[in-house]
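Taking it in order: structure first as structure tokens, then the write-up.
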């Protein structure tokens, strides 16, 4: 089991809650409600500083946290949870919670919606028709009254699309990872995941009570070492496209090492299903290794612009998980209108492979355009493009400038990524026009140059 004093972040970095920031840690005394030190800029604190506090009251940290939050929210943290007033298209209207103004026609690089399907007329029509038949929600868990014929159709069509015997749908991608990992692995087993594994994978590992290890990102030698010498059930977990860096799992040698040690494999294709490979099945298909991966997980919120997650694999695996995936077993089933919208989006994605071609053309253009301007986009090879800043203290200033000058994009800093790995995560859509991308690149270049990030 993972150390309870640790939390692994989205990019795999480790936050040790017992020593988050030695400058600030000793100044937060939850039991006394003492004020934050005036000697330290509040922006030098972060959520990890409020993870642990002394005393016996579970609410002891609330007062110091609120004092901190009241100071930092208007000077930076307001840039999170900004409410959209439009669909998540390529141009959006967003309310500036600092000023109260609704900023209109911003270029949207924040939403997933990679194929631009969430607001297609066919998807909206399917949702509207379903509301008339099924109403707004499922009103039951999948194993009781929550399953409809629409849920069955979605599972059948996803299984066929992925070329697997069966599929199980979950309320979210998060619950899919948690439910599958904790549903399959047990105390005494071993799970080894890439260090950049998503938080949902980490939480599934913790809940499983299995021995948990992390191998250095795409480092095959480290994976080999972590698996060596363990006798018992083993599971190796990777992502197809990594959610903060946009690069691929180095799947061929990973599968070789897993097979060498008798480990089963799970790939989370949240950011790659419906996009990569000859048929859009994902990175596993891209490498021609679709049949060698044991467990395939994906989401509907990224490429299809809907909601929910799924696991696909053998019928025996799905039958077992149906009874042991608690995050599905004890959750209300996806609302039928959501399922209907996902089905419509899935059928469009299969019918219009040119959407994938347009997306990759946009990705190639934007990556080349940014790199030519000197912008660091790390090793991205997908529609997830990190704009690396690496200067944590400047993130909110840069984010505010981008927002006020016409771009909707989110700052990502510690603890979501490691210290000095701060970035903006850009999401490219097939619906972006070349004009959208060029205008966005000009704004990004101008703002980064103003702050000394590029020359």
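General observations
- Dividing the helix sum by the residues of the chain, where each DSSP H run of 4 or more adds -39500 (n - 2.57), gives a mean residue ellipticity at 222 nm of -11000 deg cm²/dmol.
- In segment 275-343, Rg over Rh equals 1.00, where Rg is the alpha-carbon radius of gyration and Rh the Kirkwood radius from pairwise Cα distances.
- Peptides 91-97, 268-274 ranked from most to least packed by the mean count of surrounding Cβ atoms within 10 Å: 268-274, 91-97.
- Length added when fully stretched, residue 451-residue 187, from 0.36 nm per residue minus Cα-Cα: 90.1 nm
- With Cα atoms defining each centre, segment 97-166 and segment 244-291 are spaced 25 Å apart in the structure.
- Cα centroid separation, segment 201-227 to segment 439-455 (Å): 38
- The value of relative contact order for the chain, using C-alpha pairs under 8 Å at least six residues apart, is 20 percent.
- A compact globular protein would have a Cα radius of gyration near 2.2 N^0.38 Å; the ratio found for segment 334-455 is 1.21.
- Among beta bridges from DSSP that stay inside the chain, the antiparallel ones total about 55%.
- Here, the chain is characterised by an Rg to Rh ratio of 0.96, where Rg is the alpha-carbon radius of gyration and Rh the Kirkwood radius.
- Simple spin-label estimate for residue 81 and residue 104 in nanometres, 7 Å along Cα-Cβ: 2.8
- Overall form of segment 121-351 per C-alpha gyration tensor (a/c, 1.5; a/b vs b/c): prolate
- Label-to-label distance, residue 434 versus residue 220, with points set 7 angstrom from Cα along the beta-carbon direction: 4.0 nm.
- One chain, two ends: residue 57 and residue 357. Fully extended at 0.36 nm per residue, the span grows by 102.4 nm beyond their Cα-Cα distance.
- FRET efficiency, residue 141 to residue 96 (Cβ-Cβ, R0 41 Å, nearest 0.05): 0.55
- Pairwise Cα distances in segment 385-448 exceed 18 Å in 33 percent of cases.
- Gain upon complete extension [residue 124, residue 44; 0.36 nm per residue less C-alpha separation]: 24.4 nm
None of the figures in this text is laboratory data; all of them are computed from the coordinates on show. Being a predicted model, the structure only gives us computed values, none of them experimental. We place every Cβ from the backbone using ideal geometry, glycine too, and count neighbours over all the protein chains shown.
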